[in-house]
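The values are calculated or read from the model by the stated rules, or taken from the named source; none is laboratory data. The structure presented is a predicted model; accordingly, all values stated were derived computationally and were not measured. Here the Cβ is made from the backbone with ideal geometry for all residues, glycine too, and neighbour counts use every protein chain on show.
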Amino acid sequence: MKYLSKLHKILDSGQFAVTAEIGPPKHASVEGVKHHAHMMKDYVDATNITDCQTAIVRISSIATGVHVLGAGIEPIVQMTCRDRNRIAMQADILGAYCLGMRNMLCLSGDHQKFGNHPTSKNVYDVDSMQLIQALRRMRDDKVFFSGEEIKECEPRFFIGAVANPFADPFEYRIDRLEKKVEAGAQFIQTQCIFDMERFERFMEKVRERGIDQRVHILAGLTPLKSWRGAKYMQSNVSGMIVPDSIVERLKSAEDPKKEGVDLCIEQIKYVREKIKGVHGVHVMAIAWEEIVPEIVERSGLYPRPQVDPSELE
Amino acid sequence: MIIAQQKPLKDIAALISECNKVMLVGCAGCVTVCLAGGEKETEIMASSLRMMREVEGKPLQTITYTATRQCDPEYIPPMDEMVKDVDAVISLACGVGVQYMAERYTDKWVIPALDTKFIGGSTVHGEWVEKCGLCGECILHKTGGICPIIRCSKSILNGPCGGSQYGKCEISKDVDCAWQLIYDKMKALGKLDKLMEIQPPKDWSKSRDGGPRKAVREDVMIG
Ligand code: SF4
């Protein structure tokens, strides 16, 4: 069997995957991106390239992806439904594929209210569920969203989606995850996990329904730099749960950054060893990309598996 | 009904600063109910504008009229005589009324006094909320009677998104998450399985994206 991407091969062969995240800059230089990519290259299997995260204008995820790919990392192109209608989305799907991208992560996107253009118009022509389904149909049925046939070279992406076990209603989060799998999601990255107890409950229900057998779930983890950062997420980011104990732990730490890294490593080991059904971790070191190699190495996830390009489509 | 709100009075005053005589036209329909442009609001606005101009030493003459429905061309002609010698018409109707006025009085400058906001209803006295997205193809039977097109900040058809928490939408702690409401309602109805169906992309050509819409009923057309 040929795999759609390196990440696909690693996950399907049962190896514990490691993905990270690179946030494109708010200017037109990719020097920083290249630097981060070079640094992470040997430590992750693929990196997400965020798509104007928190609705702040940045270099597009696809353009950034070209540079990340050039630096030797497989990109996971994020595509939100906020900024593009179905015509623009498909143009970008075709574009990303022809530029060598092989993984795509479909998500709703943060509301523009949070970004630097709060007076803009949001699109949401299709939602993330519909995007997943349409992307699968482009690949498997060779049709555009409209049903029109793609005559040649259909874009063949390894399709990802997100799940947030910390959003409400809790019970429906499992249903919605299943719905995304039905739509065509092959891997899932979760929202940053701080409330491990809730994540375990989530995974328990996921396993009860056998969803972990049908999709690769990567646990999202974020190293915290300071208690203020933790506090900010706790009170300002909707859909996030940060227990007080974590805020306190960082507050009383002598070296909060080190404590944040230690905590993240503990969490990685925990989800890997203790929670069945987790097939990898997604390390979101927000504005702290340099720390990824250390986290991966100290978590015992280095070196990363090699994939022979001949195994890929 | 249509919910509208008055523009700041000083903005309206600035628009008519060169006029000596204006006509203010209210509407007895929706904007009366939402307390934005009925007879009472029209009179108050006229006197406020006059007072402002009095203070400036440039008196303004006003005439007022409240149409039964400005959104119905039938109710416009009775104003033909009144508008003749005014320098501008200030309409306190929704955008439809403003346009019917402008359409009939081709040589008159028609100024909207209101911002037409949305269609919705009231919650408590003095508060109105948006309820319908006017999408052109109602799906309320699928969503427990709650409109995700307009009440979900992202118009998601397969919600809720990951920003929904404690029943509130990610945009504000003051905004209910429409999908939480939908979930609760469908659960109460014992129809949660319906939410597992993937709702396909919407046909927005039935909405404003298809261009100005028309609704035709040939059976009631005359002649
Ligand atoms: S939180 Fe709820 S209402 Fe707000 S955008 Fe998400 S699904 Fe829609």
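Numerical summary
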{"item": "Selected residue (only one of A:Gln78, A:Gln15 is more than 14 Å from chain B (Cβ to nearest Cβ), at pLDDT 95 or above and either in a loop (DSSP other than H, G, I, E, B) or out of contact with any Pro (no Cβ under 6 Å at 6 or more places or on another chain) (or both))", "result": "A:Gln15"}
{"item": "Filtered residue count, the range B:142-153, keeping only those that are of a type outside the set (A, V, I, L, M, F, W, C), part of a loop (DSSP other than H, G, I, E, B) and near the ligand (Cβ under 8 Å from one of its atoms)", "result": "1"}
{"item": "Tally of residues being under 13 Å from B:Thr143 (Cα atoms) and touching a Leu at 6+ places or on another chain (Cβ under 7 Å) across the range B:184-218", "result": "2"}
{"item": "Selection count, the range B:202-221, where residues are in contact with an Asp or Glu (Cβ under 9 Å, 6 or more places away or on another chain) and without any contact (Cβ under 8 Å) to a residue 24 or more places away in the chain", "result": "1"}
{"item": "Tabulated pairs, the range B:178-195, first surrounded by fewer than 19 Cβ atoms within 10 Å (Cβ to Cβ), second modelled with pLDDT of 95 or more, C-beta under 7 angstrom, 6+ apart or interchain", "result": "B:Lys185/B:Gly144; B:Lys185/B:Gly145; B:Lys185/B:Ile146; B:Leu189/B:Gly144; B:Leu192/B:Met186; B:Lys194/B:Lys142; B:Lys194/B:Met186"}
{"item": "Enumeration of residues in the range B:161-191 that are within 6 Å of the ligand (Cβ to nearest atom) and outside any loop (DSSP other than H, G, I, E, B)", "result": "B:Ala178, B:Trp179"}
{"item": "Filtered residues of the range A:38-60 (kept if among the small types (Gly, Ala, Ser) and closer than 19 Å to A:His8 by Cβ)", "result": "A:Ala46"}
{"item": "Search result, residues across the range A:194-249 that are of a type in the set (Gly, Ala, Ser) and more than 22 Å from B:Tyr166 (Cα to Cα)", "result": "A:Gly210, A:Ala219, A:Ser226"}
{"item": "Boolean, B:Ile156 is within 14 Å of A:Gly109 (Cα to Cα) and within 12 Å of the ligand (Cβ to nearest atom)", "result": "yes"}
{"item": "Every residue from the range A:90-108 that is within 14 Å of another protein chain (Cβ to nearest Cβ) and away from the ligand (no atom under 16 Å from the Cβ)", "result": "A:Gln90, A:Leu105"}
{"item": "Scope the range B:156-177; condition buried (at least 24 other Cβ atoms within 10 Å of the Cβ) and touching a residue at least 24 places away in the same chain (Cβ under 8 Å); matching residues", "result": "B:Asn158, B:Cys177"}
{"item": "Residue among B:Ile111, B:Ile119, B:Ile139 that alone is in contact with a Leu (Cβ under 9 Å, 6 or more places away or on another chain) and within 16 Å of the ligand (Cβ to nearest atom)", "result": "B:Ile139"}
{"item": "Count of the range A:215-237 residues which are within 18 Å of the chain's Cα centre (by Cα), touching a residue at least 12 places away in the same chain (Cβ under 8 Å) and assigned to a loop (DSSP other than H, G, I, E, B)", "result": "4"}
{"item": "All positions within the range A:294-309 that are surrounded by 18 or more Cβ atoms within 10 Å (Cβ to Cβ) and of a type in the set (S, T, N, Q)", "result": "A:Ser299"}
{"item": "Per-region count, the range B:179-223, residues charged (D, E, K, R) and under 22 Å from B:Cys161 (Cα atoms)", "result": "9"}
{"item": "Criterion: assigned to a helix (DSSP H, G or I) and within 22 Å of the chain's Cα centre (by Cα) - qualifying residue of B:Glu81, B:Glu54, B:Glu41", "result": "B:Glu41"}
{"item": "Candidate set from the range A:109-123 (those that are surrounded by 23 or more Cβ atoms within 10 Å (Cβ to Cβ) and within 9 Å of chain B (Cβ to nearest Cβ)); member that is farthest from the chain's Cα centre (by Cα)", "result": "A:Asp110"}
{"item": "Members of the range B:82-102 that are without any contact (Cβ under 8 Å) to a residue 24 or more places away in the chain and not hydrophobic (A, V, I, L, M, F, W, C)", "result": "B:Lys84, B:Gly95, B:Gln99"}
